1. Please count how many residues of region 188-220 are surrounded by 17 or more Cβ atoms within 10 Å (Cβ to Cβ) and either of a type in the set (Ser, Thr, Tyr) or in contact with a Gly (Cβ under 9 Å, 6 or more places away or on another chain) (or both).
2. Within the set of pairs 6 or more residues apart or between chains, which connect a residue that is at negative phi and free of Cβ contacts under 8 Å to residues at least 60 places away in the same chain inside region 147-163 to a residue that is of a type in the set (Gly, Ala, Ser) and crowded, with 16+ Cβ neighbours inside 10 Å with Cβ atoms less than 7 Å apart?
3. Of the conditions (1) outside any helix (DSSP H, G or I); (2) within 30 Å of ASN318 (Cα to Cα), ASP133 fails just one. Which one is it?
4. Run down SER234, SER251 and say which single residue is assigned to a helix (DSSP H, G or I) and free of Cβ contacts under 8 Å to residues at least 60 places away in the same chain.
5. Can you find even one residue in region 297-307 that is closer than 26 Å to GLU132 by Cβ and free of Cβ contacts under 8 Å to residues at least 12 places away in the same chain?
6. I need a count of the residues in region 110-144 that are touching a strand residue (DSSP E or B) at 6+ places or on another chain (Cβ under 7 Å) and crowded, with 18+ Cβ neighbours inside 10 Å.
7. Please find, within region 221-253, the residue that is nearest to MET147 (Cα to Cα) out of those that are buried (at least 22 other Cβ atoms within 10 Å of the Cβ) and among the small types (Gly, Ala, Ser).
8. Can you tell me which condition GLY281 does not meet? The list is (1) in a helix (DSSP H, G or I); (2) in contact with a Leu (Cβ under 7 Å, 6 or more places away or on another chain), and all the others hold.
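The values are calculated or read from the model by the stated rules, or taken from the named source; none is laboratory data. Computed from a predicted structure; not experimentally measured. With ideal geometry, Cβ positions are generated from the backbone for all residues, glycine too; neighbour counts draw on all protein chains shown.
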Amino acid sequence: MTRKIIIVLIAAIAVVTGVTLFTVLTGKIMSAFSESGLPTAVQTGEAHSAADSESSGGTVPADGDMRIDEKLTDNPAVFETADSSGVIGDNPTVRSTYTVIIDPGHGFTDEGCSSDLIGDFTEKELTLAMAEDLRGILEGYGVNVIMLHDGKSFPPLTELVSLADSSGVEYNIDKCVDNNIFSAYERTVYANYLSKINDVDFFISIHVNAMENDPDYSGFEIDYCAENESSAVSKIFFDSIIDAVKSAYPSENLYTWEDSWDKAFIVTKYTSVPSVLFETGFATNAGDAARLTDRAERRKLMQTVADGIAEALEAAENAAEISR
């Protein structure tokens, strides 16, 4: 055997021996890591960092199962969305989202107020437009929103009575008016039905004001019934919306009414959940009319109202927890 052949054989044996030793050593190292209990994601190099976990709004429990925290932030403008069960994690007593009913004031053949200053608009058109804006903003915050009507459909009295009876909602048939006027009392019966089947937290009715004999009247108005079963919580929403409006419109008039039962609006005293009525301005005032007919200004106002509602939803929930 020549010297060259001997050298080649020695080199081959060295390579085979080295590869074998490397394979054995690597296996022992991986086995040691596996026995130490590190998560699989770390072993495969796919782990999310702590920063990733925080930015996604979740925490990773010991079992590695991603869960959503009960409250993600102190910012009331951010709420969690519910899964199909409506609960968070393994705690069925904690709701993961809030539900709000928005009532666009008037509608259908009931046009509400009008004025030359708002042109071809009528109250029912403006309230529906603002209600849709409010809906979009609240849904962006994670709030579940139910529109009491969409300007196109509403249950006739026969269907409304059937829904109320089937869900145990009390009503006075003598106060219901099925004459295509879409009465305020019928709206409260429907709202109470929706509240019964959806666990509603709050009801807001959006309106436009008018003072034909005094065009100098301007600004906003907010009312709630201070003498019904939900008045204490209604006041939380009432105060929160007031604070938001005062902050966003410090130079505007704001009329606030804590109504007795006799003076309260139908939609605030007969609804079974906390409720307020918000007048968005006077159609008979030039400045208010300009704001009401400007799409961007309407949205700004609804953003303000949404922020007040968001603050109140958390405050009302905290108050309920304290009282338990």
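1. Total satisfying the criteria: 15.
2. Pairs that qualify, where the first residue is at negative phi and free of Cβ contacts under 8 Å to residues at least 60 places away in the same chain and the partner is of a type in the set (Gly, Ala, Ser) and crowded, with 16+ Cβ neighbours inside 10 Å, are MET147/ALA131; LEU148/ALA191; HIS149/GLY107.
3. Looking at each condition in turn, ASP133 falls short on (1).
4. Numbers: SER251 fails: assigned to a helix (DSSP H, G or I).
The match here is SER234.
5. Residues of region 297-307 that are closer than 26 Å to GLU132 by Cβ, as a first pass: 297-307.
Filter once more, so that each one left must be free of Cβ contacts under 8 Å to residues at least 12 places away in the same chain: 297.
Checking region 297-307: at least one residue is closer than 26 Å to GLU132 by Cβ and free of Cβ contacts under 8 Å to residues at least 12 places away in the same chain.
6. Initially, region 110-144 is screened for residues touching a strand residue (DSSP E or B) at 6+ places or on another chain (Cβ under 7 Å), giving 112-113, 123-124, 126-128, 130-131, 134-135, 138-139, 143-144.
Right, trim to crowded, with 18+ Cβ neighbours inside 10 Å and you get 112-113, 123-124, 126-128, 130-131, 134-135, 138, 143-144.
Number satisfying all stated conditions: 14.
7. SER234
8. So the condition that GLY281 fails would be (1).
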